[in-house]
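Asker: This is the structure, below, for whatever I ask next.
The values are calculated or read from the model by the stated rules, or taken from the named source; none is laboratory data. These figures come from a predicted structure and were not determined experimentally. FYI the Cβ positions are ideal-geometry reconstructions off the backbone, even for glycines, and counts take in every protein chain you see. These area figures cover heavy atoms from the full protein model, side chains too; ligands, DNA and RNA do not enter into them. Shrake-Rupley method; radii C 1.70, N 1.55, O 1.52, S 1.80 Å.
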Amino acid sequence: MDEDPLALLPEICLLAGAIATLLAGSFLPRQRQWIARILAALACIAAAAAAIVALASPTRSVFADSYAVDPLTGTTRLVVAAATLLVLLLGTEELRGSPRESETCCLLLLSATGATVLAGTTDLLVLAVAYLLTSIPLYALIGSTRTARAAEAVMKTYLLGALFGIVMLLGVTLLFAMTGGTGYAGLSTAGSVVPAVVAVGAVAVLAGLLFEAGAVPGHFWVPDAAQSANTAAAAFLTTVPKVGSLVAMFRLVDALPGVADWPCWSPRCPRCP
């Protein structure tokens, strides 16, 4: 069991930046909220620098094999940190002087942290937590414009997110029941238990990740959210969560059994005795 907090330094930088941004915005006057935005940008730069350093380290799993520190995770960390920094720069003019400037920066960093954890986790329970950490800040980001269209978009996104989140947790429960654990390592032999249940569980977990990626069938929220949110939020929610969710889908599918021994109920099947 390798419990090395420094292995998660990029994620820690993003999370610490979110907390610092929130605290700074709580005490700074509105005309000086730009300091919170600077703190958020520095957190992204620190996370990107830590990701580059981590890319040179050997591949390993930390925290009871629940998180993979490998080139795929390192690349995702770098992409997420750089994309979040670009989003902050893109929304500078729109956020400057806004009453929710610091809150927006904090929510961007929290969702970016969740997207990074989505990409690196190799445990189903951590995957579910990362799903919530990525999606919940998006609801507030979409509704930050305080318009009727934004309220409708938030409601649609929230309802779909809750639905697919429940479906994902159902899939996690089924896979746990078949393997006796939540780690991806045990999924390779899950197909020999009850293949139909494993298939349903895998599809359910993937459904939650498809919502996060804005892909079919969980894509209905994307047009309304992109049209209703401000520039920074729209640019973020249509890019960064997709990166983490697509990498998470790749890890999950790669861990699932390639071939399952499906039962046959036909009395005329030549393979059956």
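Asker: Before rounding to the nearest 500, sum -39500 (n - 2.57) across all DSSP H runs of length at least 4 in the chain and divide by the residue total; then give [θ] at 222 nm in deg cm²/dmol. Spell out each step's value before the answer.
Answerer: Numbers: 11 runs with 186 residues, N = 273.
Counting only the DSSP helices, I get -23000 deg cm²/dmol.
Asker: Once you put a point 7 Å from the Cα of M155 and another 7 Å from the Cα of A64, both along the Cβ direction, what distance in nm separates them?
Answerer: 4.2 nm
Asker: In the chain, once you exclude exposed trypsin sites (Lys or Arg not before Pro) (DSSP loop, at most 13 other Cβ within 10 angstrom), what's the longest stretch remaining? Mind dumping the intermediate values first?
Answerer: Values: sites that count: R96, R146, R268, R271.
Looking at the chain, 147-267 is the longest stretch - no exposed trypsin sites (Lys or Arg not before Pro) with at most 13 other Cβ atoms within 10 Å.
Asker: Oh, and also: How long, wide and thick is region 94-172, going by the Cα atoms along their three principal axes, in whole angstroms, largest first?
Answerer: 42, 24, 12
Asker: In the chain, if every C-alpha pair distance is counted and binned at 10 Å from zero, what percent goes to each bin?
Answerer: 7, 28, 31, 20, 8, 3, 1, 0
Asker: G183's amide H: which non-local residues (gap 5+, or another chain) put their own amide H closer than 5 Å, with H modeled 1.01 Å from N in plane and none for Pro or chain starts?
Answerer: Here L124 satisfy the definition.
Asker: Counting residues in region 141-249 as N, plug N into 2.2 N^0.38 Å and put the Cα Rg over that result.
Answerer: On the way: Rg = 16.4 Å, N = 109, 2.2 N^0.38 = 13.1 Å.
Compared with the compact-globule rule of thumb, region 141-249 sits at 1.25.
Asker: Multiply the residue gap between L72 and V203 by 0.36 nm, knock off their C-alpha separation, and tell me the result in nm, one decimal place.
Answerer: On the way: separation 131, 0.36 × 131 = 47.16 nm, distance 2.29 nm.
Net length gain for the segment: 44.9 nm.
Asker: Here's something else I'd like to know. Which of A233, A151, A64 ends up with the largest GNM mean-square fluctuation for the chain, with Cα atoms connected below 10 Å?
Answerer: A64
Asker: Now for a separate question. How large is ³J(HN,Hα), in whole Hz, for each residue of region 16-28 in order, when computed from phi with the Karplus curve 6.51 cos²θ - 1.76 cosθ + 1.60 and θ = phi - 60°, using x for Gly and Pro?
Answerer: 5, x, 5, 5, 5, 5, 5, 5, 5, x, 6, 10, 7
Asker: Spelling out what I want: for every residue of region 44-50, take phi, set θ = phi - 60°, compute 6.51 cos²θ - 1.76 cosθ + 1.60 (Karplus), and round to whole Hz; glycine and proline get x.
Answerer: Each residue of region 44-50 in turn: 5, 5, 5, 5, 5, 5, 5 Hz.
Asker: Expected output is a single nm value to one decimal: the length gained when fully extending between L89 and L170, i.e. 0.36 nm times separation in residues minus the C-alpha distance. What is it? Before the final figure, lay out the partial values.
Answerer: Working: separation 81, 0.36 × 81 = 29.16 nm, distance 3.90 nm.
Between L89 and L170, full extension yields 25.3 nm more.
Asker: In Å², what does the accessible area per residue of region 77-132 work out to with a 1.4 Å probe? Let's see the in-between values first.
Answerer: Numbers: 1800 Å² over 56 residues.
I get 32 Å² per residue for region 77-132.
Asker: A follow-up question, please. Restricted to Cα positions, what overall size does region 1-94 have along the principal axes? Three whole-Å values, descending.
Answerer: 47, 24, 17
Asker: Follow-up. For Y67, list long-range residues whose amide hydrogen, built 1.01 Å from N in the peptide plane, is under 5 Å from its own amide hydrogen.
Answerer: Under 5 Å from the amide H of Y67: V62, T122.
Asker: May I ask you to compute the full-extension gain from I38 to L6, defined as 0.36 nm times their residue separation minus their alpha-carbon distance, rounded to one decimal in nm?
Answerer: Between I38 and L6, full extension yields 9.1 nm more.
Asker: For region 169-176, take each phi angle, set θ = phi - 60°, evaluate the Karplus expression 6.51 cos²θ - 1.76 cosθ + 1.60, and give the result in whole Hz per residue in order, putting x for glycine and proline.
Answerer: Computed from phi, the couplings for region 169-176 are 5, 4, x, 4, 4, 5, 5, 5 Hz.
Asker: Tally up the carbon and sulfur contribution to the accessible surface of the chain as a whole percent, 1.4 Å probe, everything protein left in place.
Answerer: Values: 9070 of 12810 Å².
The value for the chain is 71 percent carbon and sulfur by accessible area.
Asker: Order the peptides 116-123, 19-26 from the highest to the lowest mean number of other Cβ atoms within 10 Å of their residues. Write out the running numbers ahead of the final one.
Answerer: Numbers: 116-123: 26.2, 19-26: 18.6.
The packing order, highest mean first, is 116-123, 19-26.
Asker: Take the Cβ-Cβ distance between S188 and V129 as r, set R0 to 22 Å, and report the resulting FRET efficiency rounded to the nearest 0.05.
Answerer: Numbers: r = 23 Å, r/R0 = 1.04.
Efficiency for this residue pair is about 0.45.
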